[in-house]
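Data first, discussion second: the structure below is written as structure tokens.
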Amino acid sequence: MKKVLSGLRQEDFEVIAQELNASKFRARQIHNWIYLKSVSSIEEMTDLSKDFRERLAQHYTVSKVKIKRKQVSKDGTIKYLIEYPDGNCVETVLMRFDNRANLTACVSSQIGCPVNCQFCATGAGGFIRNLTPSEIVEQVLTIQRDTKLKVTNVVFMGQGEPLLNLNNVLEALDIFNTDFQIGARRITISTSGIIPQINKLADIELQSTLALSLHAPLSEIRKQIMPIENKYPLDKLKSALLDYVEKTGRRITIEYLLIKDLTDTIEMAKHTANYLKDLKCNINLIPYNSVEHAKYQKPLKTSVMKFKYILEQSGKKVTVRLERGSDIDAACGQLSGKIKNQVN
Ligand code: SAH
Ligand code: SF4
């Protein structure tokens, strides 16, 4: 059984180089071929001697993940269905924004998700297992190998609740930071609001962006769409967020899902402004994207504008999230990782 090079750290490459009687410099070369040049095979590591490559290839391979399916949206968004050696699959999305040089990878942290938000396709499929740090970084490597481009930003907004797999997510974050050379500020972790883990991120003074899926400012409404509200309610969440801002000095991103006639009303906008009034945050409004089986509807454009206006009046910076890749079910909440939807 060959071992996989993707996901290893510099110190691991040094051990491998030593095993093969080569210098530390070879370790750095392998490292760069994996993370910066993203080759698909050892053969392509052309600044290593042929003999060394052959010896390396006897025991190692670049990766064992497969692209099961690749879909390209009209807007340029690419969705990959990636299969791990155990047969489990996740979806990973690459987004490009026309006016920027950024290439943003939306990565998954779990196979399925146990949080079961009522509006989300991932939650509907239940929870299977956590992803390891190397399985998380393999998603970005897969994109880089396939596109021959370098990912510049990472958002943990794919399948799964990153804070319920926090140790592995933090290790992956460290690899993105150190090995891919993606700055901490270009990485965002989005959570449904797991309070003990938010406290942990405050204690380690996370320098990446924390995004909170608020979605409703009143407990009764939030409970209807996010069962996690029963365990980690809004009032306690607020204290955790204030503490997080104080300890890290970082502004939080608040994600707010606009569902027609439920969370998109003027009354909800006012309650949201009130809930957030003393919190250092930016707000990102996400118009609901339709998913199979969910009973909700998209908000009207006018409601989105009114909602935005009310929050802006309260002094916050508010953006509306662009819908990306909805024609290939790659938009927020549409990732299910199911193979049954495949047509080929
Ligand atoms: N589990 C994490 C991150 C993944 S989801 C979290 O929940 O925060 C990324 C964002 O997409 C979250 O804010 C999530 O609530 C939102 N989302 C889920 N389903 C959606 C849908 N159908 N339409 C729009 N956004 C959705
Ligand atoms: Fe899980 Fe996030 Fe989907 Fe909720 S929205 S079910 S936390 S992936």
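Every read-out reported here was derived from the displayed coordinates using simple, explicitly stated rules and does not represent laboratory data. Keep in mind that what you see is a predicted model, and the values were worked out from it rather than measured. Please note: Cβ atoms are built from the backbone with ideal geometry, for glycine as well, and neighbour counts cover all protein chains shown.
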Length released on extending from V320 to L218, taking residue separation times 0.36 nm less the Cα-Cα span: 34.6 nm
In nanometres, what is the gap between the two model label sites at R129 and N88, each 7 Å from Cα along Cα-to-Cβ? 0.5
Net charge around L285, counting only other residues with Cβ within less than 13 Å of its Cβ (Lys, Arg = +1; Asp, Glu = -1)? +3
Can you give the three extents of the C-alpha atoms in the stretch 1-68 along their principal axes, from longest to shortest, in whole Å? 37, 22, 20
For a quick size check, give me the Cα extents of the stretch 208-344 along its three principal axes, largest first, whole Å. 51, 32, 27
Once the Cβ-Cβ distance between D12 and E267 is put in as r, and R0 is 56 Å, what FRET efficiency do you end up with, to the nearest 0.05? 0.55
Net length gained if the chain between L149 and E246 were fully extended (0.36 nm per residue, minus Cα distance): 31.2 nm
Ranked by GNM mean-square fluctuation in the chain (Cα springs under 10 Å), the top entry among M157, M305, M226 is M305
What pairs in K3/K50; K74/K298; K200/K298; K66/K260; K270/K298 have C-alpha atoms more than 27 Å from each other? K200/K298; K66/K260
Report, for the chain, the % of DSSP beta bridges that are antiparallel, rounded to 5. 40
Value of D in µm² per second that Stokes-Einstein yields for the stretch 66-328, Kirkwood Rh from Cα pairs, at 10 °C (1.306 mPa s): 84
Roughly how big is the chain's charge dipole about its Cα centre, with Cβ charges of +1 (Lys, Arg) and -1 (Asp, Glu), in debye to the nearest 20? 660
The simple spin-label model distance between H293 and K200, using points 7 Å out along Cα→Cβ, in nm, is 2.9
On the formula 1/(1 + (r/R0)^6), with r taken between the Cβ atoms of S239 and M305 and R0 of 22 Å, the FRET efficiency rounded to 0.05 is 0.10
Free-by-geometry Cys in the chain, Cβ-Cβ under 4.7 Å as pairing rule, reported as C89, C106, C113, C281, C332
Going through the stretch 178-231, which GluC sites (Glu not before Pro) have at most 16 other Cβ atoms within 10 Å and a DSSP loop state? E205
